[in-house]
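The values are calculated or read from the model by the stated rules, or taken from the named source; none is laboratory data. Since the model is a prediction, treat every value here as computed from it, not as a measurement. Cβ atoms come from the backbone with ideal geometry, glycine included; neighbour counts cover every protein chain shown.
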């Protein structure tokens with residue numbers, strides 16, 4: 001219980017910022033104390049735990065090594081240590097979720113926590129938006145920013161404000177990416193035939209999250225949300241109707257000025273495509289260890305605004321492989337759970353009748369909940385990855401957190417005996433390598449097609 005409480009506190013502090021959670025105590029580096037205590041509390045849970053069974057754990061160890069070596073290869077030893085220290089707090093979320101969020105109630109509490117973070121930022125930003133003075137169109141955008149608002153001008157020179165959070169989500173696009181990930185997860189609370197409950201506990205929060213995304217004016221959110229709508233709708237109404245519905249939603253969002261007057265087109269994205277090409281050139285120049293963790297802006301002036309390109313360019317093929325080694329088994333396990341056949345069985349553990357196992361299984365999601373949660377996790381990952389295709393967010397905490405949730409749910413399915421065992425590490429390796437190559441080819445083909453269309 002203590003480990004779970006500290007996990008919640010750690011995540012809350014990481015998302016909202018130490019100053020928001022602890023106020024004047026920020027001077028005492030409370031976040032470091034929390035991290036140290038949660039590590040000490042977690043150590044007894046490691047033997048025989050879930051983290052020792054998943055390829056993702058080894059992938060994160062390899063990714064941490066890639067982060068360190070990417071900077072060390074540039075000859076800056078001190079920078080390598082700093083890069084390692086920057087990466088570890090984000091990856092740490094995966095281990096905390098696997099160790100301490102291993103029951104139905106705790107998984108749902110994590111969803112509530114993420115929802116609270118989004119609603120907290122939305123409320124604070126909305127209050128700030130109401131009290132902010134009329135924008136000075138002659139001012140520079142960097143000075144026209146509040147604690148939860150960022151001032152910006154669109155292509156037409158019109159001034160608008162964008163909602164943002166603090167710490168991990170201190171950019172409007174970061175906050176929008178978190179929001180698009182949380183929206184599907186909220187539906188874990190959906191109860192068929194409980195209309196008042198569904199309206200109060202699902203539809204109203206989701207509506208608020210969409211409003212929050214509107215305040216960010218994030219084009220990445222809109223594309224990611226439409227992608228989620230297509231993936232979610234294809235099971236119920238078919239692929240073609242889902243695409244048509246997404247198109248209608250896109251034109252509706254455009255009419256409502258969802259992006260703040262900024263275009264979503266090939267011409268509007270031409271600068272971003274040039275950055276992608278620059279990132280691939282950086283990878284070509286430094287193929288093994290990349291230009292260094294966080295070093296892409298120094299290499300070409302700006303970052304690449306594509307998570308795949310950023311990972312490959314900054315960590316090289318070595319780092320991209322371990323990044324894929326985390327993503328591939330996570331997506332594979334989540335997709336496998338969505339295909340579980342609903343049967344009357346699956347409520348016991350084959351070959352196990354111990355009292356401890358039976359008590360644990362009572363705390364797990366049941367078979368129907370496992371399938372539903374898996375589908376929601378797939379949607380959440382869809383939103384994250386599609387948004388990440390236009391953002392430089394390859395190593396953020398949200399990805400590792402959702403990955404941990406996927407593996408916890410998979411472990412519950414294993415305990416109930418309704419799914420096959422995880423793929424062994426050696427079996428995952430070649431698929432992870434192929435997945436890494438496929439990701440690079442996808443970016444390359446996108447660039448080629450875009451150039452041909454111009």
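Evaluated against (1) within 26 Å of residue 408 (Cα to Cα); (2) buried (at least 18 other Cβ atoms within 10 Å of the Cβ), residue 65 falls short on exactly one condition, (2). Being over 30 Å from residue 15 (Cβ atoms) and either part of a helix (DSSP H, G or I) or modelled with pLDDT of 95 or more (or both) is a property that does not hold for residue 350. The residue that is modelled with the lowest pLDDT, counting only those in the range 315-347 that are outside any helix (DSSP H, G or I) and farther than 14 Å from residue 420 by Cα, is 344. Please indicate, with yes or no, whether at least one residue in the range 11-25 is surrounded by fewer than 16 Cβ atoms within 10 Å (Cβ to Cβ), out of contact with any strand residue (DSSP E or B) (no Cβ under 6 Å at 6 or more places or on another chain) and closer than 30 Å to residue 312 by Cα. So far as the range 11-25 goes, no, none of its residues is surrounded by fewer than 16 Cβ atoms within 10 Å (Cβ to Cβ), out of contact with any strand residue (DSSP E or B) (no Cβ under 6 Å at 6 or more places or on another chain) and closer than 30 Å to residue 312 by Cα. Within the range 420-448, residues that are without any contact (Cβ under 8 Å) to a residue 24 or more places away in the chain have Cβ atoms under 7 Å from residues that are in a helix (DSSP H, G or I) in these pairs: 421/414, counting only partners at least 6 apart in sequence or on another chain.
Looking only at residues that are part of a helix (DSSP H, G or I) and without any contact (Cβ under 8 Å) to a residue 12 or more places away in the chain in the range 73-102, which one is farthest from residue 113 (Cα to Cα)? Looking at residues that are part of a helix (DSSP H, G or I) and without any contact (Cβ under 8 Å) to a residue 12 or more places away in the chain, I get 77. Is there a residue in the range 131-138 that is closer than 27 Å to residue 19 by Cβ, in a helix (DSSP H, G or I) and at pLDDT below 85? Yes: the range 131-138 contains one or more residues that are closer than 27 Å to residue 19 by Cβ, in a helix (DSSP H, G or I) and at pLDDT below 85. The residue pairs whose first member lies in the range 196-215 and is at negative phi, whose second member is surrounded by fewer than 17 Cβ atoms within 10 Å (Cβ to Cβ), and whose beta carbons are closer than 7 Å, counting only pairs six or more residues apart or on different chains, are 197/191; 198/190; 198/191; 202/190; 208/119.
Only one entry of 74, 86 meets the criterion of being assigned by TED's automatic domain parsing to the domain that holds residue 406 and surrounded by fewer than 15 Cβ atoms within 10 Å (Cβ to Cβ), and that entry is 86. Residue 421 meets each of the listed conditions (1) in contact with a helix residue (DSSP H, G or I) (Cβ under 6 Å, 6 or more places away or on another chain); (2) assigned to a loop (DSSP other than H, G, I, E, B) apart from (1).
Looking at (1) surrounded by fewer than 17 Cβ atoms within 10 Å (Cβ to Cβ); (2) in contact with a helix residue (DSSP H, G or I) (Cβ under 7 Å, 6 or more places away or on another chain); (3) within 22 Å of residue 330 (Cβ to Cβ), which is the only condition residue 37 fails? Going through the list (1) surrounded by fewer than 17 Cβ atoms within 10 Å (Cβ to Cβ); (2) in contact with a helix residue (DSSP H, G or I) (Cβ under 7 Å, 6 or more places away or on another chain); (3) within 22 Å of residue 330 (Cβ to Cβ), residue 37 breaks only (3).
Checking each residue in the range 28-56 for being within 20 Å of residue 103 (Cβ to Cβ) and without any contact (Cβ under 8 Å) to a residue 40 or more places away in the chain picks out 41, 44, 47, 48, 52.
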